[in-house]
Amino acid sequence: MEADNEVDEITQYKVKQVWDDSFRKEVLKSKQPVLVDFWAAWCGPCKVIAPYVEEISEKYKGQIKVVKVNTDAAPVTVRRYEIRSMPTFVMFEGGQPVARFSGASPAGINNLIKQIAKKNDDLIV
């Protein structure tokens, strides 16, 4: 039954879920900058910040791709990017991590976006 609850936690979000087997295609090969939200179903702060992540996804649609990675379901990706706390947000550009922030703070997420906007003239912040 616990697995069913975890699936419910995952499917309630509109932001695209990415797994170990789809991370390369969805994040590393993306033409757009990608904000990755590393989260867990049991993480209280992850649930608190989730609506803001959804908001950011809509606000920057077509400019920044936003995806979520459930840390319990993507152990290879979590190890590769040394994710040790949740939520952790990593901004990728050109297949490389360029900035990261851990915590459930809208200001922290906004700073990641501002960092990437400085490099991209076509990004409206």
**OP:** Answer with yes or no whether Y52 is aromatic (F, W, Y), under 23 Å from A99 (Cβ atoms) and either exposed (fewer than 12 other Cβ atoms within 10 Å of the Cβ) or modelled with pLDDT of 95 or more (or both).
**Re:** yes
Original post:
Only one residue in K47, K61, K65, K119 is crowded, with 20+ Cβ neighbours inside 10 Å and either at positive phi or of a type in the set (D, E, K, R) (or both). Which one?
Top reply: K65
Subject >> Residue under evaluation N70, criteria (1) surrounded by fewer than 20 Cβ atoms within 10 Å (Cβ to Cβ); (2) touching a residue at least 60 places away in the same chain (Cβ under 8 Å); (3) within 13 Å of the chain's Cα centre (by Cα), criterion not met >> reply: (1)
Subject >> Residues (of a type in the set (V, I, T) and either at pLDDT below 95 or assigned to a helix (DSSP H, G or I) (or both)) located in the stretch 16-35 >> reply: V27
**OP:** Mind listing whichever residues of the stretch 16-54 are within 11 Å of the chain's Cα centre (by Cα) and free of Cβ contacts under 8 Å to residues at least 40 places away in the same chain?
**Re:** A50
Subject >> the stretch 36-78, residues that are within 21 Å of N120 (Cα to Cα), of a type in the set (A, V, I, L, M) and in a helix (DSSP H, G or I) >> reply: V53, I56
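The values are calculated or read from the model by the stated rules, or taken from the named source; none is laboratory data. Just so it is clear, the structure is predicted and the values come from calculations on it, not from any experiment. Note: ideal-geometry Cβ built from the backbone for every residue, glycine included; neighbour counts use all protein chains shown.
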